[in-house]
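The values are calculated or read from the model by the stated rules, or taken from the named source; none is laboratory data. Keep in mind the model is a prediction, meaning the values are calculated, not measured. No Cβ is skipped: glycine too gets one built from the backbone with ideal geometry, and neighbour counts run over all protein chains shown. With ligands, DNA and RNA removed, areas are computed over all heavy atoms of the protein, side chains included. Shrake-Rupley method; radii C 1.70, N 1.55, O 1.52, S 1.80 Å.
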Amino acid sequence: MNFWCDTPYITAYVRNEFLHDHEKGKGEFTLCTVFGFRSEVMRAPMFQIMLESGAQWARIPIHALCSKPCPEMALQLTVWWDSFSRNCQVKEVQFLRNHRVKAIGRDGVQRPGTYLMTVFWCDGGWSEVPDQSKDHHIIALDTGQFIAYPNNRLLWSDPSWIGGEVPRDWRSPSDNYSVEALP
């Protein structure tokens, strides 16, 4: 079981209300280092952080983290789905490293940001259904907010070769492909 994974070390800020059970600290931020990811089914993606004071915090939800102090963003706009499984792997995909991207939110708004890392799900629930399995790409929006979005809600930018319009009639494959399962 791999419900806790190392992440690339990322300097970030945590919203102080998450350090005070929402009783105080709203609008205040504390510098931290993100160093781990925790996956619990039916929970938003969560992270492990270390504060400058030496305090370590676990289970910090994605909407509590940002690359710079910024206005809060509703949880429903920071992530499309809860964790798909207790089993995952986190990796900074070299091909996507520092790529610019536009994230298309539930509200239809395209928000620009920069790629940080990806969570790959396995061994459970929706992660095993071909047209439902989605990786969570962790993005730092230009506003500062961290988000976790799937492939089909991101438009990547690389001026050296990406261009044109994305076809709107594409659909995810719904079949499982297996040589040994064929009749």
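The C-beta contact set for the range 7-23 (first residue of a type in the set (Lys, Arg), second residue not in a loop (DSSP other than H, G, I, E, B), distance under 6 angstrom, 6+ apart or interchain) comprises Arg15/Ala64.
Which ones in the range 73-95 are hydrophobic (A, V, I, L, M, F, W, C) and outside any loop (DSSP other than H, G, I, E, B)? The answer is Leu75, Leu77, Val79, Cys88, Val90, Phe95. If the condition is being aromatic (Phe, Trp, Tyr) and modelled with pLDDT under 95, then the range 3-18 contributes Phe3, Trp4. Among the residues of the range 96-121, those that are assigned to a strand (DSSP E or B), within 11 Å of Ile139 (Cα to Cα) and open to solvent by 60 Å² or more (accessible area, probe 1.4 Å) comprise Arg100, Lys102.
Note on the range 125-155: among residues that are in a loop (DSSP other than H, G, I, E, B) and open to solvent by less than 20 Å² (accessible area, probe 1.4 Å), the one that is modelled with the lowest pLDDT is Pro150.
The set of residues from the range 5-30 being exposed (fewer than 13 other Cβ atoms within 10 Å of the Cβ) and more than 22 Å from Trp81 (Cα to Cα) comprises Tyr9, Thr11, His20, Asp21, His22, Glu23, Lys24, Lys26, Gly27.
Restricting attention to the range 19-43 and to residues that are hydrophobic (A, V, I, L, M, F, W, C) and at pLDDT 95 or above, the residue that is nearest to Cys88 (Cα to Cα) turns out to be Phe37.
Of the strands (runs of 3 or more DSSP E) contained entirely in the range 7-72, those carrying at least 2 residues that are of a type in the set (Ser, Thr, Tyr) fall at 29-38. Taking every residue in the range 84-101 that is more than 9 Å from Thr118 (Cβ to Cβ) and pairing it with any residue that is of a type in the set (D, E, K, R) and open to solvent by less than 90 Å² (accessible area, probe 1.4 Å), at least 6 positions away or on another chain, the pairs with Cβ-Cβ distances below 7 Å are Arg86/Glu40; His99/Asp158.
Looking at the range 39-56, which of its residues are open to solvent by 50 Å² or more (accessible area, probe 1.4 Å) and in contact with a Cys (Cβ under 8 Å, 6 or more places away or on another chain)? Scanning the range 39-56 gives Met50, Glu52.
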